[in-house]
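Asker: Got a structure for you, questions after.
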Amino acid sequence: MEPQKRHWSRRLALQALYQWHISGHEIDELLAQYVEDENWDKADKDYFVDLITGSINQNKELTAVFSQHLNLASEQIDPIENSILLYATYEILHKPETPTKVVLSEAINLCKKFGSIEGYKFINGVLDKVAQQRV
């Protein structure tokens, strides 16, 4: 799969998970909205669906994994950064065919684009520990 398609899958997953955090929409509602997104054809659709369904269905377990490496309560994390941690933790734990450095790099770059000014440092630190814990 070409890297650009995976990038768009992650970017759309971030947006969908953010929306889920804010609105509480069901997975089917989120997926239906993103089929209409102007960037849908740029994404690896199956990968996007897997990231969304896996991240939401395993939300509690994934949050427990990355929360071990936080110095604040997970409820205090910016919703964008929480969404990045959620999908990236899912990807690290359940997509071993994707190199960890790719997952971290994408998460950091998406955080630089959409997150808080220094948020990418936080994302890098937490996900690096999640990845080390997996090994």
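Asker: Of everything in segment 33-67, what is touching a helix residue (DSSP H, G or I) at 6+ places or on another chain (Cβ under 8 Å) and basic (Lys, Arg)? Give them in sequence order.
Answerer: LYS42, LYS45
Asker: If you don't mind, another one. Within segment 97-109, is even one residue of a type in the set (Lys, Arg), under 23 Å from GLY24 (Cβ atoms), in a helix (DSSP H, G or I) and over 12 Å from the mean Cα position of the chain (by Cα)?
Answerer: no
Asker: Turning to a different aspect of this structure: Starting from segment 47-58, keep only residues that are closer than 20 Å to PRO3 by Cα, then list their pairs with residues that are not charged (D, E, K, R) whose Cβ atoms are within a distance under 6 Å, requiring at least 6 positions of separation or different chains.
Answerer: Pairs found: TYR47/SER9; PHE48/SER9; PHE48/LEU12; PHE48/ALA13; LEU51/ALA13; LEU51/TYR87; ILE52/ALA13; ILE52/ALA16.
Asker: Are any of the residues in segment 22-29 more than 12 Å from the chain's Cα centre (by Cα), assigned to a helix (DSSP H, G or I) and in contact (Cβ under 8 Å) with a residue 40 or more places away in the chain?
Answerer: Residues of segment 22-29 more than 12 Å from the chain's Cα centre (by Cα): 22-29.
Cutting the leftovers down to assigned to a helix (DSSP H, G or I) gives us 22-23, 27-29.
Narrowing the set further to residues that are in contact (Cβ under 8 Å) with a residue 40 or more places away in the chain leaves 22.
Yes; the residues of segment 22-29 include at least one that is more than 12 Å from the chain's Cα centre (by Cα), assigned to a helix (DSSP H, G or I) and in contact (Cβ under 8 Å) with a residue 40 or more places away in the chain.
Asker: For segment 35-51, how many residues meet the condition of being at pLDDT 95 or above and farther than 13 Å from TRP8 by Cα?
Answerer: 1
Asker: Please count how many residues of segment 41-67 are over 17 Å from the mean Cα position of the chain (by Cα) and either surrounded by 11 or more Cβ atoms within 10 Å (Cβ to Cβ) or in a loop (DSSP other than H, G, I, E, B) (or both).
Answerer: Applying the first criterion (over 17 Å from the mean Cα position of the chain (by Cα)) to segment 41-67 yields 41-42.
Going one step further and asking which of them are either surrounded by 11 or more Cβ atoms within 10 Å (Cβ to Cβ) or in a loop (DSSP other than H, G, I, E, B) (or both), we end up with 42.
The total comes to 1.
Asker: For segment 63-84, enumerate the residues that are touching a residue at least 60 places away in the same chain (Cβ under 8 Å), of a type in the set (S, T, N, Q) and within 21 Å of ALA16 (Cα to Cα).
Answerer: ASN82, SER83
Asker: Right, another one. Could you please let me know if TYR120 is in contact (Cβ under 8 Å) with a residue 12 or more places away in the chain, over 23 Å from GLY24 (Cα atoms) and surrounded by 15 or more Cβ atoms within 10 Å (Cβ to Cβ)?
Answerer: So TYR120 passes the test.
Asker: Looking only at segment 30-40, which residues are assigned to a loop (DSSP other than H, G, I, E, B) and either hydroxyl-bearing (Ser, Thr, Tyr) or surrounded by 14 or more Cβ atoms within 10 Å (Cβ to Cβ) (or both)? Explain how you work it out, then say what you get.
Answerer: If we filter segment 30-40 for residues that are assigned to a loop (DSSP other than H, G, I, E, B), which is where we start, we get 36-39.
Of everything in segment 30-40, just one residue is assigned to a loop (DSSP other than H, G, I, E, B) and either hydroxyl-bearing (Ser, Thr, Tyr) or surrounded by 14 or more Cβ atoms within 10 Å (Cβ to Cβ) (or both), namely ASP37.
Asker: Identify all residues within segment 66-107 that are of a type in the set (D, E, K, R) and either at pLDDT 95 or above or farther than 14 Å from GLN15 by Cα (or both); write none if there are none.
Answerer: GLU75, GLU81, GLU91, LYS95, GLU97, LYS101, GLU106
Asker: Out of the residues in segment 68-83 meeting the condition of being assigned to a helix (DSSP H, G or I) and touching a helix residue (DSSP H, G or I) at 6+ places or on another chain (Cβ under 6 Å), tell me which one is surrounded by the most Cβ atoms within 10 Å (Cβ to Cβ).
Answerer: SER83
The values are calculated or read from the model by the stated rules, or taken from the named source; none is laboratory data. Keep in mind it's a predicted model, so treat the numbers as computed, not measured. Because the Cβ atoms are built from the backbone with ideal geometry, glycine has one as well, and the counts that use them run over all protein chains shown.
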